[in-house]
Amino acid sequence: MLKALIFDFDGLILDTETPEVTVWQNIYKEYGFELPVHEWEKTVGGYGISTFNAAEHLALLSTGKIDSVSSILRYRQESDAMIHASPILPGVMDLIHSAKSSGLKVAIGSSSPHSWVDSHTKRLGIYDLFDFIICQDDVEKGKTKPHPDIYLKALDKLQVRANEAIVFEDSPNGVLASRRAGIFVVAVPNGLTSQMNVQGDLTVSSLAELTLPDLMAKLSNA
């Protein structure tokens, strides 16, 4: 029986990922270099399988001519402006409201820190809709996705079993974390992660394609 929905944040509730990679690509191109997107992709949804740092990599490529601190500052300013102009992704609010009205619990499970997720959810006016928000700060260092720790912590906080929850994810790291936690996962690739062959137990192009009764039926048949 379905008792809880757990949402990833970056790229699932708000597409923070496409603006971030776009800005880095633009910065690299200005200096005559190309962002190694395949390395960047490994960091999406969690740093469990990569330590790639775009600013440090650019500094190395330019043999120190491009200062990593200033490039990070520019990246943050430009990507933040794009993110702040972005709406909540389609279907997210309908599912959250359906879950709440049906007595289900809802949570966020994110590899980002609370400082990032909490500030954005408050800015968007959705912070209070979630029973719990679990972030990288809530698990041991180095145990973000694709490790299952964030989702295991979410299950514990929600007081539900793995077979009573559904996770919504957009990245390979996130899907793997959910599977390792034993939770049914719906993959919803975005503009960036659609190029990364993300496949969940169910894969859709938008949460707007799903209704809560659909999900309950999928889980009972899983």
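Of note, His57 satisfies the criterion of being buried (at least 18 other Cβ atoms within 10 Å of the Cβ) and of a type outside the set (D, E, K, R).
Six or more apart or on different chains, Cβ atoms under 9 Å: show the pairs whose first residue is in the stretch 1-24 and within 20 Å of Asp131 (Cα to Cα) and free of Cβ contacts under 8 Å to residues at least 24 places away in the same chain and whose second is surrounded by fewer than 24 Cβ atoms within 10 Å (Cβ to Cβ) and not aliphatic (A, V, I, L, M). Once the first residue is within 20 Å of Asp131 (Cα to Cα) and free of Cβ contacts under 8 Å to residues at least 24 places away in the same chain and sits in the stretch 1-24, no partner that is surrounded by fewer than 24 Cβ atoms within 10 Å (Cβ to Cβ) and not aliphatic (A, V, I, L, M) comes close enough. Glu34 falls short of the stated requirement of being surrounded by fewer than 16 Cβ atoms within 10 Å (Cβ to Cβ), modelled with pLDDT under 90, over 30 Å from Pro213 (Cα atoms) and touching a Phe, Trp or Tyr at 6+ places or on another chain (Cβ under 7 Å).
Being of a type in the set (A, V, I, L, M, F, W, C) and surrounded by fewer than 19 Cβ atoms within 10 Å (Cβ to Cβ) is true for just one of Leu95, Leu73. Which residue is that? Result of the check over Leu95, Leu73: Leu73. Being in contact with a helix residue (DSSP H, G or I) (Cβ under 9 Å, 6 or more places away or on another chain), buried (at least 24 other Cβ atoms within 10 Å of the Cβ) and either of a type in the set (Ser, Thr, Tyr) or not in a helix (DSSP H, G or I) (or both) is a condition met by no residue of the stretch 201-212. Checked against the criteria, Lys145 counts as modelled with pLDDT under 95, among the charged types (D, E, K, R) and either over 20 Å from Met1 (Cα atoms) or within 13 Å of the chain's Cα centre (by Cα) (or both).
Exactly one of these conditions fails for Val117: (1) of a type in the set (A, V, I, L, M, F, W, C); (2) buried (at least 17 other Cβ atoms within 10 Å of the Cβ); (3) in contact with a helix residue (DSSP H, G or I) (Cβ under 8 Å, 6 or more places away or on another chain); (4) under 29 Å from Ile27 (Cβ atoms). Give me its number. Every condition holds for Val117 apart from (3).
Tell me which of these Phe132 doesn't satisfy, since it passes every other one: (1) within 24 Å of Arg76 (Cα to Cα); (2) touching a residue at least 24 places away in the same chain (Cβ under 8 Å). For Phe132, the exception is condition (1). Set side by side, the residues Val175, Val186, Val198, Val167 differ, and just one is touching a strand residue (DSSP E or B) at 6+ places or on another chain (Cβ under 9 Å), in a loop (DSSP other than H, G, I, E, B) and closer than 25 Å to Val21 by Cα, which is Val198. If I go through the stretch 143-160 residue by residue, how many of them are within 17 Å of Pro113 (Cα to Cα) and in contact with a strand residue (DSSP E or B) (Cβ under 8 Å, 6 or more places away or on another chain)? Matching residues across the stretch 143-160 total 4. Selection of the stretch 150-164 for residues being assigned to a helix (DSSP H, G or I) and either among the hydrophobic types (A, V, I, L, M, F, W, C) or within 18 Å of Val186 (Cα to Cα) (or both) yields Ile150, Tyr151, Leu152, Ala154, Leu155, Leu158, Ala162, Asn163, Glu164.
Residues of the stretch 76-92 that are surrounded by fewer than 15 Cβ atoms within 10 Å (Cβ to Cβ) and more than 30 Å from Leu5 (Cβ to Cβ): Arg76, Gln77, Ala81. Inspection of the stretch 37-56 identifies no residue that is farther than 25 Å from Gly174 by Cβ and either more than 22 Å from the chain's Cα centre (by Cα) or not hydrophobic (A, V, I, L, M, F, W, C) (or both).
The values are calculated or read from the model by the stated rules, or taken from the named source; none is laboratory data. The structure displayed is predicted, hence computed values, not measured ones. When we count neighbours, we look across all protein chains shown, and the Cβ atoms used for this are built from the backbone with ideal geometry, even at glycine.
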